[in-house]
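Data first, discussion second: the structure below is written as structure tokens.
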Amino acid sequence: KEEEDSAFGFACPCLPTMGDKAILTEVLEASHLTDTYGDLTAKGIIKELRNVHSEEPSVRYSNLEDGHGPIDTSSTVTTPCGTERRKTYTVDDAVETLGFGRFQLKLSVLAGLAWMADAMEMMLLSLLTPALICEWGITSFEQALVTTCVFCGMMLSSTFWGRICDRIGRKWGLMFSALMACVCGIFSGLASSFYFFLFVRGLVGFGIGGVPQSITLYSEFLPTAQRAKCVVLIESFWAIGAVLEALLAFFVMNAWGWRALVCLSSLPLGVFALSSWWLPESPRFHMSKGEDVKALETLMKVAKENGKQLPPGDLVASDAEKFHASNGGTTTIFSLLSPDLRKTTLLVWLIWMVNAFSYYGMVLYTTVLFRSHDECHGGLFSNVTSSETCVPLTRSDYFDLLTASLAEFPGLIITALIIEWVGRKKTMALEFSVFGLATYLLYFCLNRNTVIALIFIGRAFISGAFQCAYVYTPEVYPTTLRASGLGAASGMARIGAIITPFVAQVAATYNLSYPVGIYGTAALIGLISALSLPIETKGRQMQ
């Protein structure tokens with residue numbers, strides 16, 4: 001707006017300059033006004049405009065090309081030169097003004113459904129292994145491949161889906177990824193051989209790699225004051241998914257077998273894909289693409305749902321969004337490693353890797369402990385029916401797995417309570433510390449109830465640290481890099497998840513204490529990394 005005012009001579013010193021004629025020619029041709037004003041000189045047009053303002057000082061004519069005529073001065077501001085121009089606001093201003101309302105509640109349910117479906121597929125990995133051993137007689141190395149293939153697919157696709165979402169929008173990227181994961185999940189339940197099963201599960205992982213973009217979309221509609229708590233609380237859907245999967249296994253596995261469990265576990269992804277038609281596109285995404293009208297339409301829908309009014313004036317792009325639009329709306333992964341973001345990005349990647357390595361490792365290690373013959377580490381002799389490796393989980397085991405899954409809820413509650421109090425960095429550091437301590441204590445000979453209690457504590461705090469990373473990462477990157485930043489971080493997390501089965505399932509066959517020392521040390525690395533982050537995003541507007 002200031003550039004336009006300057007072009008028409010409104011900016012100080014309010015006199016035409018040498019460049020007036022060239023600027024006016026561009027403006028007139030772009031506005032299709034050449035025929036009307038083509039015969040006037042720059043000074044003539046300026047004089048005409050000044051006459052309009054002197055005759056009707058109570059109104060001003062803005063944006064000559066919009067054809068709307070006079071506008072009310074309640075949406076204008078006076079410049080230091082005494083001229084008037086339209087007020088402006090950004091998407092950030094609009095989101096803060098509209099607050100948290102009915103629209104965000106609906107979006108919470110949809111984003112939560114995606115998260116619940118993701119959790120069910122992840123929890124399924126720990127429940128499948130005993131059944132697959134009995135089905136195909138697989139070795140400990142092949143057991144690890146079941147989890148590794150899924151996470152390889154997720155790692156390969158995380159940046160892919162991030163770039164897709166940055167190019168065509170969050171909504172469509174989420175829909176396609178969820179649909180792919182659902183279809184491939186059902187096919188994996190029909191697999192006739194172990195290696196075909198691995199291949200299709202890898203495709204499931206490729207689809208699931210796009211699901212974390214739901215957090216990107218969700219966070220972009222949240223005001224600063226509620227953003228952290230809302231993102232953490234929506235992670236409760238992950239806990240619901242983990243618990244639901246354990247319940248599903250409790251009732252389905254012994255009655256209908258693992259194939260039914262795999263197919264049923266894929267259905268929520270299909271439900272989310274169909275529900276995604278309602279999902280709005282991010283106005284920040286539209287602005288970064290230079291699509292101001294579409295961004296305004298989305299914000300108007302939010303305002304209507306919440307019963308609020310948008311700020312007065314015109315919606316304008318932030319400096320970062322203007323730069324992004326001027327460059328064709330594209331970014332590269334190397335942008336995350338620019339000098340001002342390099343340290344943050346590398347530490348964020350390390351934190352995500354440690355989180356995934358520790359969280360999924362604890363989930364897999366719990367099943368290993370319950371199937372073991374070692375009563376000092378949670379094993380039950382009642383599990384052993386013969387000398388064969390086929391040791392299916394009992395209903396008691398499924399119940400204890402359900403108990404361990406319930407740890408997600410207190411972890412989320414603790415994170416939600418302290419994340420705005422001590423900040424993101426200290427919250428992650430504290431939770432890494434408690435997880436490490438609980439893990440190291442598993443080294444000692446303990447009865448089953450004590451083992452379950454330590455697993456419960458450890459899983460609660462590592463899940464909290466993971467969710468805190470999901471809050472921090474979208475906040476620390478600007479809009480133009482947000483989806484790519486989250487996608488790259490998710491991809492790095494998959495490296496940790498790819499490695500962890502060989503610790504939890506393979507190394508444990510040699511000594512059950514090996515995973516304890518490795519996961520405890522990983523927690524220390526996460527603690528140091530969290531405290532070393534250069535940016536604290538508590539109370540910081542999304543850039």
field: Mean Cβ neighbour count within 10 Å, used as a protection proxy, ranking 97-103, 257-263, 144-150, 502-508 highest first
entry: 144-150, 502-508, 257-263, 97-103
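Take the alpha-carbon positions of region 215-275, form their convex hull, and give its projected area averaged over all directions (one quarter of the hull surface) in nm². Working shown, then result.
Numbers: hull surface 19.7 nm².
So the Cα hull casts an average projection of 4.9 nm².
Per residue, what volume in Å³ does the convex hull of the Cα atoms of region 183-285 enclose? Display every interim value, and only then the final one.
Working: hull volume 11.1 nm³, N = 103.
Taking the convex hull of the Cα positions in region 183-285, it is 108 Å³ per residue.
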query: Hey, what's the Kirkwood Rh for region 338-379 if you take every pair of different alpha carbons, in angstrom?
result: 12.4 Å
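Which entries in the list K87/K289; K229/K308; K171/K304; K289/K426; K171/K343; K87/K425 go over 28 Å, if you measure between the two C-alpha atoms of each? Walk me through the numbers on the way to the answer.
Working: K87/K289 22 Å; K229/K308 22 Å; K171/K304 20 Å; K289/K426 35 Å; K171/K343 30 Å; K87/K425 37 Å.
Beyond 28 Å between Cα atoms: K289/K426; K171/K343; K87/K425.
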message: Taking just the alpha-carbon atoms of region 150-213, what radius of gyration and Dmax come out, in angstrom?
response: 11.9, 38
Extension gain, C134 back to F399 (0.36 nm per residue minus Cα-Cα distance, nm): 93.3 nm
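For a quick protection proxy, order the peptides 462-470, 125-133 by their average other-Cβ count within 10 Å, most packed first.
Details: 462-470: 28.4, 125-133: 22.6.
Highest to lowest by the protection proxy: 462-470, 125-133.
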field: Spatial separation of Cα centroids for region 122-193 and region 481-525, in angstrom
entry: 17 Å
message: Give me the 1.4 Å probe accessible area per residue for region 195-251, excluding ligands and nucleic acids, in Å².
response: 26 Å²
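Where Rh is the Kirkwood radius over the Cα pairs of region 250-305, the temperature 10 °C and the viscosity 1.306 mPa s, what D in µm²/s does Stokes-Einstein return? Intermediate results must be reported in sequence, preceding the final value.
Values: Rh = 14.4 Å.
Taking Rh from Cα pairs, D becomes 110 µm²/s.
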query: D118: net charge of surrounding residues, Cβ under 14 Å, Lys/Arg +1, Asp/Glu -1, itself excluded?
result: -3
- prompt: Using every alpha carbon pair in region 410-501, what percent of pairs falls into each 10 Å bin from 0 up to the bin containing the largest distance?
  reply: 16, 37, 34, 11, 3, 0
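The values are calculated or read from the model by the stated rules, or taken from the named source; none is laboratory data. What you see is a predicted model; the values in this text were computed from it and never measured. Using ideal geometry, Cβ is built from the backbone for each residue, glycine included, and neighbour counts are taken over all protein chains shown. Just so you know, the surface numbers come from the protein's heavy atoms only, side chains and all, with ligands and any DNA or RNA stripped out. Shrake-Rupley method; radii C 1.70, N 1.55, O 1.52, S 1.80 Å.
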